[in-house]
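Every number in this text was worked out from the coordinates using simple rules, so none of it is lab data. Note that the structure is predicted; figures quoted are calculated from it, not measured. Glycine gets a Cβ as well: all are built from the backbone with ideal geometry, and neighbour counts include every protein chain shown.
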Amino acid sequence: MRIDVVTIFPGYLAPLREALLGRAIEAGLVEVAVHDLRDWTHDVHQAVDDAPYGGGPGMVMKPQVWGEALDAVLAADERPARLVVPTPAGRPFRQSTAQAWAGEQRLVFACGRYEGIDQRVVDEAAARMPVDEVSIGDYVLVGGEVAVLVMVEAVARLLPGVLGNPVSAEQDSFSDGLLEGPAYTRPLTWRGLSVPEVLRSGHHGAIARWRRDRALERTADRRPDLLAALPADALDAADRAF
Ligand SMILES: Nc1cc(-c2ccc3ccn(Cc4ccccn4)c3c2)[nH]n1
């Protein structure tokens, strides 16, 4: 997969080159290119924003600069691309979104700032490629860069070879519709707190049942919406007894 990010703050994307994802890039499992939007300005002030038509607070990012930038970035590789535009007004980005995007050959992320990007950039792009306007949560950030870091990590970890132990991607929180339960490691007792006995019993059936019960308990407590959204056949009799 090739990932391109266009932003006026390229430095914000430096963390993509760290740790697990950095190693995946070095291993050639994923390519990442970060581009400075200002490279496609032509005025001395390198203007990327202007006042909003219709008035209102803040500034809007200019369509001409974005149009030239996206044309150039898309032309740099023949693989078909999906354009992703983070915005507070987007459809929710979920694990299912990450799973769908993990199958793409190419993702191009457009990081807005100010009050966002002129809508015509999205509308014009949508005439020639798939475009997703997505939100990573119900809170307002200052720009799209942090959202891109979140989404790139969620997608990249699903790519073959990126995670050391691929099984864990399948056993993700949300992959079975429930939150993950508590996890423990050594020491057996820490500050007077011990590890639940069952986890040391060696009884794999009992351990699986205990873990499922803790996941159900936590989901009911913290995300009842997820529980309500489970398909009817997702809970077996033992689950219902819980
Ligand atoms: N889940 C999300 C995504 C964002 C996000 C993504 C991109 C941009 C580009 C600019 N802003 C600031 C801004 C503030 C007010 C209204 C519009 N935009 C962004 C915010 N916030 N929260």
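Could you compute the FRET efficiency for Asn165 and Asp36, with r as their C-beta to C-beta distance and R0 at 35 Å, rounded to 0.05?
Given R0 = 35 Å and the Cβ-Cβ separation, E is 0.45.
Please work out how much length the chain gains when fully extended from Leu188 to Asp233, using 0.36 nm per residue of separation minus the C-alpha to C-alpha distance, in nm with one decimal. Walk me through the intermediate numbers first.
Values: separation 45, 0.36 × 45 = 16.20 nm, distance 3.68 nm.
Stretched out fully, the Leu188 to Asp233 stretch lengthens by 12.5 nm.
So what is log10(I(q)/I(0)) for the chain at q = 0.08, 0.12, 0.13, 0.14 1/Å, when the Debye sum runs over its Cα atoms only?
So the normalised log intensities are -0.42, -0.81, -0.90, -0.99.
Set the Förster distance to 30 Å, then compute FRET efficiency between Gln64 and Arg17 from the Cβ-Cβ distance, nearest 0.05. List each step's numbers first, then the result.
Details: r = 30 Å, r/R0 = 1.01.
After rounding, the FRET efficiency stands at 0.50.
Residues with amide H under 5 Å of Gly90's amide H, sequence separation 5 or more or different chain, H placed in the peptide plane at 1.01 Å from N; which?
Correct list: Ser135.
Starting from the Cα gyration tensor of region 112-161, take the square roots of the eigenvalues, sort them a ≥ b ≥ c, and report rounded, prolate or oblate (rounded when a/c is under 1.5, otherwise prolate if a/b is larger than b/c, else oblate). Intermediate values should be presented prior to the final figure.
Working: a/c = 2.76, a/b = 1.26, b/c = 2.20.
In terms of gyration-tensor shape, oblate.
For a Förster distance of 22 Å, can you work out the FRET efficiency between the beta-carbons of Arg240 and Ala206, rounded to the nearest 0.05?
Working: r = 19 Å, r/R0 = 0.84.
With a Förster radius of 22 Å, E is 0.75.
What is the helix-to-structure angle for 145-156, meaning the angle in degrees between its Cα long axis and the longest Cα principal axis of the chain, kept from 0 to 90 and rounded to the nearest 10?
Its long axis makes an angle of about 50 degrees.
Using DSSP, restrict attention to beta bridges with both residues in the chain and report what percent are antiparallel, rounded to the nearest 5. Numbers along the way, then the final one.
Working: 4 of 25 bridges.
Of all bridge pairs located within the chain, approximately 15 percent are antiparallel.
Within 10 Å of each residue's Cβ, count the other Cβ atoms and sort Arg223, Arg23, Arg186 from fewest upward. The partial results should precede the final answer.
Numbers: Arg223 16, Arg23 13, Arg186 7.
So the ranking, lowest neighbour count to highest, is Arg186, Arg23, Arg223.
Take every DSSP beta bridge whose two residues both sit in region 1-110, then give the antiparallel share in percent to the nearest 5. Walk me through the numbers before you get to the answer.
Working: 2 of 16 bridges.
Here the antiparallel bridges make up roughly 10 percent for region 1-110.
Taking 0.36 nm per residue of sequence separation and subtracting the Cα-Cα distance, how much length would be gained by fully extending the chain between Arg120 and Val44, in nm to one decimal? Write out the running numbers ahead of the final one.
Numbers: separation 76, 0.36 × 76 = 27.36 nm, distance 2.46 nm.
Gain on extension, Arg120 to Val44, equals 24.9 nm.
Compute the distance from the alpha-carbon center of region 36-92 to that of region 210-242, in whole Å.
So the two Cα centres are separated by 43 Å.
Starting from the amide H of Asp4, placed 1.01 Å from N in the peptide plane, find each other amide H under 5 Å away whose residue is 5 or more places distant or on another chain.
It is Ala33, Leu107, Val108, Phe109, by chain and number.
Could you work out how much longer the chain between Tyr139 and Asp176 gets when fully extended? Use 0.36 nm per residue separation minus the Cα distance between them, nm to one decimal. Let's see the in-between values first.
On the way: separation 37, 0.36 × 37 = 13.32 nm, distance 2.60 nm.
Working it through step by step, the gained length comes to 10.7 nm.
For the chain, what does the relative contact order come out to in percent, with C-alpha contacts under 8 Å and a separation of six or more? Each step should come with its number before you reach the end.
Working: 331 pairs, mean separation 45.5, N = 242.
Once divided by the residue count of the chain, the mean separation gives 19 percent.
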